[in-house]
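Coordinate-derived values only; no laboratory data. All figures in this text were calculated on a predicted structure; none of them were measured in a lab. A quick note on method: Cβ atoms are made from the backbone with ideal geometry, for glycine too, and the neighbour counts reach across all protein chains shown.
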Amino acid sequence: MPDIARVVSTAATRYGHNATQLLQILIAVQDELGYLPPPALTAIATTLNIPRSRVHGVAGFYSFLYTEPVGHYRILFADNITDRMLGSTALLDELCRKLWVERGKLSEDGLVSIDTTSCTGLCDQGPALLVNGHVITRLDHRRINRIAEWVRRQVPVEEWSAEFFHIDDNICRRDALLGTPFKPGSALIAAMRLGRDQWLLEMHQSKLRGRGGAGFTTAVKWTGCRDAPGQEKVIVCNADEGEPGTFKDRVLLNSFADQVFEGMTLASWATGAQEGLVYLRGEYRYLLPALNAVLERRRAAGLLGEAILGTPGFDFDIQIHLGAGSYVCGEETALLESLEGKRGTPRIRPPFPVVRGYLGRPTVVNNVETLAKTCLIALQGGAAFAATGTRQSTGTKLLSVSGDCAAPGIYEYPFGVSIAKVLEDCGASDTQAVQVGGASGMMMANYEFHRTIACEDVPSAGAFMVFDSSRDPFEIAHNFVDFFVHESCGFCTPCRLGTTLLKGYMDKIARGYGAKMDLADIDWVNRLLKNASHCGLGTTAPNPVMDTLVKFRPAYERRMQSLDFEPAFDLDAELETARRLTGRDDPAAYLNGSQEVRP
């Protein structure tokens with residue numbers, strides 16, 4: 001193992017011995033050591049002059065940080081429902097057999113570990129996996145065989161076949177944003193000609209709403225930050241795209257990064273902010289070199305840095321921070337906590353980030369798509385932007401379409417498009433349900449396909465998951481519940497215990513021990529989570545279960561064994577070992593006097 005003191009010192013120096021960079025330092029140290037052994041955590045605490053408990057707490061919060069050895073090859077299969085539909089579970093089991101390793105455990109030789117992770121943002125080209133942070137798509141048996149061979153031969157991941165790491169944008173329908181050629185700097189020049197106040201007025205006229213799911217009016221947020229007391233203001237781009245089934249931000253960051261960064265600079269022009277931060281989810285780490293190259297190019301062109309485009313006093317620059325595997329960090333206050341080098345626990349509001357955000361400064365937090373859309377407003381004007389879409393939801397929306405359809409990928413539509421139109425365009429047939437907005441969104445049954453994608457009807461952060469009649473709605477909801485249990489930050493008791501209770505009921509029903517009384521208990525857990533959870537993760541966690549109970553109740557009832565309470569623990573089945581040891585197989589050896597033991 002490399003010298004721990006040297007590795008820690010190098011990482012701390014790179015980030016200025018700044019405790020707010022703790023997460024970045026932990027990632028850098030783990031990159032060198034393979035994991036974070038106790039001496040490394042102690043050395044980091046000493047170097048940064050912070051309590052070791054804080055370092056350990058942060059290291060234990062993020063799923064991509066490991067305090068125990070995970071092997072030279074750390075392989076994580078995406079466990080999103082669409083990856084499962086494409087056979088990811090069988091492929092994971094096959095790789096485990098070929099490498100003689102148990103799922104979730106380190107191999108005996110310390111070479112490899114194989115497990116699952118949440119959605120990797122590649123639902124349009126799954127099944128997918130991460131190996132040491134590198135993404136492999138379109139898994140099949142041939143690729144599993146090659147991966148097993150490379151691991152056995154200990155071939156460095158960087159030397160694996162390049163085709164395995166190829167990722168397509170899969171843009172299937174273009175509209176105003178994806179179909180308009182863009183020259184870097186053009187939107188910024190247009191906004192600067194207007195002046196700061198007039199530019200902000202154009203934003204108000206556009207009625208642009210946030211594209212991250214909440215739908216808050218962007219201009220109101222910018223105005224609040226501009227008018228908040230304090231000179232050191234911050235623009236944050238939320239690129240922690242963790243909602244299952246969503247991958248639009250991946251495409252924007254890959255092929256439209258100039259629009260995203262220019263949107264951040266436009267926000268700076270409106271608010272007076274001088275510092276910009278991008279929070280990039282750990283699953284998109286492979287995009288980091290290209291994104292940094294775009295930033296360097298923009299600095300060289302005078303579009304970032306001091307006196308942007310020769311304008312004295314217009315100083316703004318952008319840095320990228322990596323996440324490390326935490327869905328809850330997509331919530332803006334949890335993201336700010338993570339940016340400050342802490343556990344990603346959502347804050348109590350008020351105060352809101354526009355008043356007291358990153359390091360206590362007034363902060364704008366905008367989604368990737370939201371920021372990119374501001375370039376259209378600068379070039380075309382607020383009124384022209386507002387002329388598209390609906391009255392309450394202006395402009396276009398990017399949809400991440402995946403699941404049972406002929407052409408999964410990115411589709412851009414004006415707000416107000418019907419679910420039926422999207423299904424027609426993506427080549428879906430015999431569709432039973434569509435999950436709009438990811439796990440925390442809404443499941444739409446086929447009698448609702450006339451409804452439209454808009455904040456006033458069916459809001460969405462972008463996920464559009466298609467399920468045909470061969471799919472089991474119960475299994476879809478079960479997968480989403482597992483996701484919420486895994487991603488709960490554990491801060492508040494209602495969410496920590498409520499999601500676990502919900503999973504327990506779903507597991508019980510799945511094993512065939514469910515009773516109608518359990519459905520009543522699920523409703524009680526739903527009310528508990530919605531009324532008492534600290535943040536949106538807890539309040540939305542029951543959504544997939546409640547939607548499927550209302551719209552696809554037979555999927556649950558056909559699993560019911562009794563109208564009354566049925567215990568999940570089968571004592572008679574547990575006595576089978578004792579019967580084998582004693583050689584007993586007579587009726588008296590069974591609790592109910594019968595030799596029929598439930599499977």
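Below is a table of values for the structure above.
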item: Cα-derived Rg over Rh, computed across the range 74-159 with Rh taken as Kirkwood radius; result: 0.93
item: P(r) tail fraction, the chain - alpha-carbon pairs more than 47 Å apart, %; result: 16
item: Charge-dipole axis of the chain as Lys and Arg at +1 and Asp and Glu at -1 on Cβ define it, positive-most pick from C375, Y505, P346; result: C375
item: Over the chain: helical MRE at 222 nm, DSSP H runs n ≥ 4 each giving -39500 (n - 2.57), nearest 500; result: -12500 deg cm²/dmol
item: Rel. contact order, % - alpha carbon contacts under 8 angstrom, at least six apart, the range 339-467; result: 20
item: Fraction of antiparallel bridges per DSSP, the range 73-171 only, in percent to nearest 5; result: 55
item: Cβ-based net charge around D258, under 12 Å, with every Lys or Arg adding one and every Asp or Glu removing one; result: +2
item: Amide N of the range 524-542 lying under 15 Å from the label point, which is placed 7 angstrom from the Cα of L497 along Cα→Cβ; result: 524-534
item: Residues L376, L322, sorted so that the one with the fewest Cβ neighbours within 10 Å comes first; result: L322, L376
item: Shape category assigned to the range 4-61 from the gyration tensor of Cα positions, a/c cut at 1.5; result: rounded
item: Theoretical gain in end-to-end length, H486 to I171 [0.36 nm per residue, Cα-Cα removed]; result: 110.3 nm
item: Spin-label model distance (nm) - D521 vs A90, 7 Å beyond Cα toward Cβ; result: 3.4
item: Euclidean distance between Cα centres, the range 306-333 to the range 101-128, Å; result: 31
item: Stokes-Einstein translational diffusion, the range 450-515 - Kirkwood Rh over all Cα pairs, 0.890 mPa s, 25 °C, in µm²/s; result: 173
item: Alpha-carbon Rg with Dmax, taken over the range 474-562, Å; result: 12.1, 36
item: Two-site label geometry, R451 and E108: point separation in nm, points 7 Å out along Cα→Cβ; result: 5.4
item: Sorted by Cβ neighbour density within 10 Å, fewest at the top, the residues Y286, Y411; result: Y286, Y411
item: Burial ordering of W524, W160, fewest other beta-carbon atoms within 10 Å first; result: W524, W160
item: Cα centroid of the range 143-158 to Cα centroid of the range 519-562, whole Å; result: 42
item: Label point 7 Å beyond Cα of L359 along Cβ direction - residues of the range 17-37 with amide nitrogen under 20 Å; result: 17-28
item: Theoretical gain in end-to-end length, T311 to E557 [0.36 nm per residue, Cα-Cα removed]; result: 81.9 nm
item: With at most 11 other Cβ atoms within 10 Å, longest stretch of the chain clear of loop trypsin sites (Lys or Arg not before Pro) (DSSP); result: 154-390
item: Residue pairs, from the table K207/K551; K105/K503; K342/K397; K373/K421; K516/K551; K207/K233, whose Cα atoms sit over 25 Å apart; result: K207/K551; K342/K397
item: Shape category assigned to the range 172-386 from the gyration tensor of Cα positions, a/c cut at 1.5; result: rounded
item: Debye log10 I(q)/I(0) for the range 396-471, one point scatterer per Cα, at q = 0.27 Å⁻¹; result: -1.49
